[in-house]
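The structure appears right after this line, and notes come after that.
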Amino acid sequence: MAATSIIDFCRVSFGFSVEAPLFTGLTLTIREGGFYLVQGPSGAGKSTFLRLINRLEEPSSGEILFKGRPLSSYSPPLLRRSVLYVQQTPTVIDASVRENLLLPFSFKNNAHLEQPEDERLKTLLTDFLLLGVGLGDNALTLSLGQLQRLCFVRGLMLSPDVLLLDEPTSALDRESGQVVESMVERLNRESGLTVLTVTHKEPRPDLITPRILKITEGRITKVRWNMES
Amino acid sequence: MEHGILDIGPGQLALALVFILAAGATSLYHGLKLERDLLVGALRTFVQLFLLGYILRFIFHLNSVWLVLVVFIFMIVFAARIIRARVKEKQVSFFWPILISMVISYSLVSILVTGVVVGAKPWWKPQYFIPLAGMLIGNSMNAMAISLDRLLGELRRRRHEVEMMLCLGADYQEASKDMVRTAMRAGMIPSINSMMAAGVVFIPGMMTGQILAGADPVLAIRYQIVVMIMLVGSTAIVSLLAVLLVRRLCFGLGHQLLLRPENK
């Protein structure tokens, strides 16, 4: 495994209020091409940890680097396209499935990206077992599990370098959950996509060796993380 | 200007108090507990308006551009404070953005209207500038408060949608476009409605005043048209400026939404 780091936390502190910091002086390295499971009790800051990496949250002190450069040196929209965060609550706009899938291509920073044809979109939907879903259907009529996969597909089309998944399979049944998980694993293995995923499930590492980031919260919050491989 | 304007003497003024007394009696009889507020309200109306009358007389008499501008700024600062009090927002401080947008748009519209449309010379002639600016500020204050309240509410309520777009490579303008649109529409609808109803449902206040003062209704109408159009125009400009400036404050340098869900 190549030892190059893709994301570095340098003494990062963060808290929603001054009295209750969530992270203090957090230093850690995420390796390029790594597969990380982010674990910890509810409220420990798992989502916040991911949100810090794509700059949806700003550390109160310290610095986060992406490919050796501080996050602030990237244009935020371009950074977020490379370090893609898939929200815990799948969110769509009140429009067709097609419009939702093509939404990222309507933003001016993505204007140069080639917009996929309907054929490609249909294939993607089929790959993710969204069999009964038509491109013309209103996305708001889909079930939570279908929405989760739709949002996942939508993100993948931007071909990110790092994938931040916030409980990507929480609303999925066993079969659809496995489809998503194996797709993530395949992208990690074959394309070298770095993956950080928040999950409560026990890892089933068949072909990949995940590393575990354990976030635990004490009274004065301190982050302990151990790497097991 | 003396044609047919009927004087109201102190005695007649006191007679008007009969209405307040009647309202007070009703309040007592039905236990509405409004008599205190009625009394204070009536007193304030008397004192504030008399004071205004003397101040205006003084300003008209001095006829100084500086004094007119001081009054103008005073009105704006006061309006900005009222809006700040009305929009309940703890996280974003928007006093300066609204002050700046008010100064820019009201200066533009007031000068244009008094100087060019009405053709007062000089453009700051207090008899024209101060009442017109006052109407402008008073009327668009509501629209600004509604727009800002709506903007902040929409951004909070639909934060997942905003962040979804940000995550997919939108900049903050793109991610909040729809919320700005909703906020602007909410603020503008009352002004547009009042244009629709003008002259059919109600006789606008300014026109009423001019007609009571003996002006020709057709002349009064021309003034009223100018005023209504000016009000709608300035309301649109000032709300848009304020909404855009405040929106900027809702996002950080990294185009991240800073508004947190409110603690209940």
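The values are calculated or read from the model by the stated rules, or taken from the named source; none is laboratory data. Quick caveat, the model's predicted, so the values are computed rather than measured. Here the Cβ is made from the backbone with ideal geometry for all residues, glycine too, and neighbour counts use every protein chain on show. These accessible areas exclude ligands, DNA and RNA; they are computed on the full protein's heavy atoms, side chains included. Shrake-Rupley method; radii C 1.70, N 1.55, O 1.52, S 1.80 Å.
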Quiz item: When you scan the range A:1-12, how many residues do you find that are within 25 Å of A:Tyr74 (Cα to Cα) and open to solvent by 20 Å² or more (accessible area, probe 1.4 Å)?
Solution: 7
Exercise. Can you give me the ranges of the strands (runs of 3 or more DSSP E) entirely in the range A:29-92 with at least 1 residues that are within 14 Å of chain B (Cβ to nearest Cβ)?
Key: A:61-66, A:83-86
Quiz prompt | Among residues of the range A:140-158, those that are open to solvent by 30 Å² or more (accessible area, probe 1.4 Å) and within 12 Å of the chain's Cα centre (by Cα), counted | solution = 1
Quiz prompt | Residue pairs meeting the criteria (Cβ under 8 Å; at least 6 apart or on separate chains; first open to solvent by less than 100 Å² (accessible area, probe 1.4 Å), in the range B:76-96; second among the aromatic types (Phe, Trp, Tyr) and assigned to a loop (DSSP other than H, G, I, E, B)) | solution = B:Val87/B:Phe94
Self-check item: 2 or more residues more than 30 Å from A:Leu156 (Cα to Cα): qualifying helices (runs of 4 or more DSSP H) within the range B:169-225
Solution: B:177-197, B:205-212
Exercise. With respect to A:Val162, determine if the residue is within 11 Å of chain B (Cβ to nearest Cβ) and touching a strand residue (DSSP E or B) at 6+ places or on another chain (Cβ under 6 Å).
Key: no
Quiz prompt | Of all residues making up the range A:166-194, the number that are closer than 26 Å to A:Ile6 by Cβ and touching a Gly at 6+ places or on another chain (Cβ under 8 Å) | solution = 5
Self-check item: Exclusive hit being surrounded by 20 or more Cβ atoms within 10 Å (Cβ to Cβ), within 17 Å of the chain's Cα centre (by Cα) and at pLDDT 95 or above, set A:Phe35, A:Phe49, A:Phe66
Solution: A:Phe66
Self-check item: Enumeration of residues in the range A:93-116 that are surrounded by fewer than 18 Cβ atoms within 10 Å (Cβ to Cβ), away from every other protein chain (no Cβ under 11 Å), assigned to a helix (DSSP H, G or I) and not basic (Lys, Arg)
Solution: A:Glu99
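The rows are residues; the columns are (1) farther than 23 Å from B:Ile237 by Cα; (2) modelled with pLDDT under 85.
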residue	(1), (2)
B:Met164	yes, no
B:Cys167	yes, no
B:Ala170	yes, no
B:Pro190	no, no
B:Ala198	no, yes
B:Ala215	yes, no
B:Tyr223	no, yes
Quiz item: Given the structure, is A:Glu119 open to solvent by 20 Å² or more (accessible area, probe 1.4 Å) and acidic (Asp, Glu)?
Solution: yes
Exercise. Give the residues of the range B:205-222 that are closer than 17 Å to B:Val117 by Cβ, under 19 Å from the mean Cα position of the chain (by Cα) and without any contact (Cβ under 8 Å) to a residue 40 or more places away in the chain, sorted by residue number.
Key: B:Met207
Quiz item: Within the range B:99-109, can one find any residue that is open to solvent by less than 70 Å² (accessible area, probe 1.4 Å) and more than 30 Å from B:Arg156 (Cα to Cα)?
Solution: yes
Quiz prompt | Yes/no for B:Arg44 being of a type outside the set (A, V, I, L, M, F, W, C) and either within 30 Å of B:Arg150 (Cβ to Cβ) or within 22 Å of the chain's Cα centre (by Cα) (or both) | solution = yes
Practice problem: Answer yes or no as to whether B:Val162 is aliphatic (A, V, I, L, M) and within 16 Å of B:Cys250 (Cβ to Cβ). | Solution: yes
Quiz item: Regarding B:Leu32, is this residue surrounded by 13 or more Cβ atoms within 10 Å (Cβ to Cβ) and not in a helix (DSSP H, G or I)?
Solution: yes
Quiz item: Based on what the data block shows, is B:Leu249 under 30 Å from B:Leu166 (Cβ atoms) and open to solvent by 30 Å² or more (accessible area, probe 1.4 Å)?
Solution: yes
